[in-house]
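Quick notes on the structure that follows.
The values are calculated or read from the model by the stated rules, or taken from the named source; none is laboratory data. All values derive from a computational prediction rather than experimental measurement. When we count neighbours, we look across all protein chains shown, and the Cβ atoms used for this are built from the backbone with ideal geometry, even at glycine. Heads up: the accessible areas ignore ligands, DNA and RNA and are worked out on the full protein's heavy atoms, side chains in. Shrake-Rupley method; radii C 1.70, N 1.55, O 1.52, S 1.80 Å.
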Amino acid sequence: MTSKFVLKLYVTGQTPRTERAIQNLRRICEQSLGSQYQLFVIDVLEQPHLAEQERILATPTLIKELPLPVRRIIGDLSDTLKVLQGLDLPIPRTGGTQE
Amino acid sequence: MSHNPHQSAIEKLATGIGGFDLIANGGVPEGRTTLVSGTAGSAKTVFAAQFLAEGIRKHNEHGVFVTFEEPPSDIRRNMGSLGWDISTWEKEQRWVFVDASPQPGEEVMFAGSYDLGALLARIESAVRRIGARRLSMDSLGAIFTQFADGAVVRRELFRVASALKRMGVTAVMTGERTQEYGDIARYGVEEFVADNVIILRNVLEDEKRRRTIEILKFRGTSHQKGEFPFTIMSGEGMVVIPLSAIELKQRSSDIRVTSGNVELDHMCGGGFFRDSILLVSGATGTGKTLMTTEFMAGGVRRGERCLLFAFEESREQLFRNATGWGVDFEQMEHDGLLRVVCEYPETAGLEDHLIAMKKIITDFRPNRVAVDSLSALERVSTIRGFREFVISLTSFIKHQEIAGMFTATTPSLMGGESVTETHISTLTDSIILLRYVEMYGEMRRGLTVLKMRGSMHDKDIREFTIDNRGMHIGRPFRQVTGILSGNPIHITPGEIDRLSGLFGDDGNAGQG
């Protein structure tokens, strides 16, 4: 990976779903990106104006700001394959059947 | 002012939407969510926006508009054409958008379970920031298309509704319907806001569009039942026409006013009643416009303010006719006692005519009003819409202590009843028929007071003539029978005496 990833994860409070999303994301990033990423976790209950700015409706929502194109992934990120697709990351051979 | 939502008595919040609070017996249930459902183009967004606009304009209550469909810029522009300056209200922190409209060109993927916690957080934050008492969400259907999992959306909307209730916010949510008469809403959204449901319809009936509003249910509190017509006017927004439902407790007095014709006053037992509506029915050219002209002139002579709505003739023609009968409309208008409003019926829908007419009546404050003719207005409406129009106009006029005269045109020259007459004869207090009578190769004119509620009246069919001083009512047609049915039969004087003998002399008895 040449360019650094900037990821923002919008969550609502300290819920099990929030915890799951953070854990899933960290696992995927560490496996595929090593340390080449920055992750910001934003709690919309504490900073609703940021959710307003980004027009977030669902939580958790992950926004990949860099590298372009900007992309949104909604959910607790338990579907690893979808997350990798969304982040434009290569899919490990064991993971899928195509690409 | 907050109140306990668990209290048994549900209070109403006056929406301020024209006419709506009357059919809603005060307004929408306060602190609750009301679903407003309708097909595409049924004015749901207008209702949702007006709910907030009237709150700001009339009650100084702030509002949050959550949009799932159109971006705020579109709503600002569209509602601007109705006369609401949303941008200014936003600057004043009285109106806030929560923009949940889809963003074009942005890819969204789904990877696992989610909720709409951010939406709820944004709504709560917006409500707190401006101290909102009202909230509108438009439309629920659009949020279902943004999120694939319908069950999640339903559950989350339920959470939003309960959060709003907790905050004491009165909310309106709009929902889509696929048919005018079918399920309440698509996606089964009614299940969680089913406490209160309002249906908006936009039905094509006899090639004419008809908008109606129906309150389907208000849980635990009352409302008027059935469909009520409404219209959308520039500068006003939605205006509901509450019809007779609330207006049937009219005053009625026994104060008499002149018809403008001494002989006719005599036939009616001393003139028309002030708070009554009189229908004049007759074929074209029988003298209906003359009667309205005399009715106006009679009022002006007594210093009354008179208002004439003319839908058949141009102003010039009307004034020329009047002059021909010795009435100077020009001078009367100049003196400020008369106002003549000429309109083509086709310029607007009947609901719009009604609202415009009510406004003119309210502004001019006349003592008497004439409409010439109702039949012309009937052309631009459905039978049902027309009946509602007449009911609404009649009760409005009676409420103002105004004497009213409507005319109706019969299709056949010699007799029979007019279409208009059949639809509205029960709504008017008095009916006068004008007829052509064929007598030995000559067309003469006849007049009779068919009905006069609450008064003795002349039962004769009298002949009348028209000259440059107006209408002159003469003797009864004693030698003709069958005038009203359009088949006059001439009978001999001997036969008349024999018939009179059969029934005795009941010339002036009875009432309408």
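Of note:
- Nearest-0.05 FRET efficiency for residue B:343 and residue B:180, computed from C-beta distance (R0 30 Å): 0.50
- A/B buried area, accessible surface, summed, 1.4 Å probe, Å²: 2300
- List of region A:40-63 residues, accessible area with partners at least 10 Å² below that of the chain alone (1.4 Å probe): A:44, A:45, A:48, A:51, A:52, A:55, A:56, A:57, A:58, A:59
- Shown in residue order for region B:396-408 are the 3J(HN,Hα) couplings computed by the Karplus curve 6.51 cos²θ - 1.76 cosθ + 1.60 at θ = phi - 60°: 4, 4, 5, 5, 8, 6, 10, 8, x, 10, 10, 10, 9 Hz (x for Gly and Pro).
- Relative contact order of region B:1-97, pairs being alpha-carbon contacts under 8 Å that are 6 or more residues apart, as %: 21
- Degrees separating the helix A:16-33 axis from the principal Cα axis of chain A, which is the longest one: 40
- Remark: region B:56-112 projects, on average over all directions, an area of 5.5 nm² (convex hull of Cα atoms).
- Rounded to the nearest 20 debye, dipole of the protein assembly as shown from Cβ charges on Lys, Arg, Asp, Glu: 1360
- Ellipticity estimate at 222 nm from DSSP helix runs (n ≥ 4, -39,500 (n - 2.57)) divided over chain B, nearest 500: -9500 deg cm²/dmol
- Bridges between two residues of the protein assembly as shown, per DSSP, are antiparallel at a rate of about 45%.
- Distances between placed amide hydrogens fall under 5 Å for residue B:137 paired with B:66, B:172, B:173, B:174, all partners being 5 or more residues away or on another chain.
- For region A:1-60 versus region B:301-315, the inter-centroid distance based on Cα atoms is 73 Å.
- For region A:36-92, average projected area of the Cα convex hull in nm²: 4.4
- Degrees between helix B:117-130 axis and first principal axis of chain B (Cα, 0 to 90, nearest 10): 60
- Computed with a 1.4 Å probe over protein heavy atoms only, the accessible area of residue B:84 comes to about 10 Å².
- Cα centre as origin, Lys/Arg/Asp/Glu Cβ charges: region B:56-113 dipole, Debye: 380
- The mean of 1/r over all pairs of different alpha-carbon atoms in region B:67-219, once inverted, gives a Kirkwood hydrodynamic radius of 17.3 Å.
- Pairs from B:58/B:225; B:12/B:165; B:12/B:217 whose Cα-Cα separation, in the structure shown, is over 22 Å: B:58/B:225
- Put simply, the amide H of residue B:216, placed in the peptide plane, has neighbours under 5 Å in B:197, B:198, B:199, leaving out anything fewer than 5 places away on its chain.
- Within region B:436-484, GluC sites (Glu not before Pro) in DSSP loop having at most 13 other beta-carbon neighbours inside 10 Å: none
- The 1.4 Å probe gives accessible areas that order B:181, B:436, largest first, as B:181, B:436.
- Across all directions, the average projected area of the convex hull around the alpha carbons of region B:82-155 is 6.7 nm².
- Rounded to the nearest 10 degrees, the inclination of helix B:44-59 to the longest alpha-carbon principal axis of chain B is 90 degrees.
- Rolling a 1.4 Å probe over the protein heavy atoms gives chain B an accessible area of 42 Å² per residue.
- In the protein assembly as shown, taking the dipole from charged Cβ atoms about the Cα centre, the farthest positive-side position among A:63, B:307, B:427 is held by A:63.
- Local electrostatic count, residue B:449, Cβ distance below 13 Å [Lys/Arg +1, Asp/Glu -1]: 0
- GluC sites (Glu not before Pro) within region A:1-85: DSSP coil, no more than 15 neighbouring Cβ in 10 Å: A:46
- Within the accessible area of region B:79-183 (1.4 Å probe), percent carbon and sulfur: 51
- Whole-percent carbon and sulfur share, accessible surface of region B:263-382, 1.4 Å: 47
- Whole-Hz ³J(HN,Hα) from phi, Karplus 6.51 cos²θ - 1.76 cosθ + 1.60, for region B:86-102, glycine and proline x: 5, 4, 5, 4, 5, 5, 7, 6, 10, 9, 10, 8, 10, 8, 10, 6, x
- Long pairs among B:208/B:358; B:398/B:451; A:8/A:82, criterion Cα-Cα beyond 20 Å: B:208/B:358
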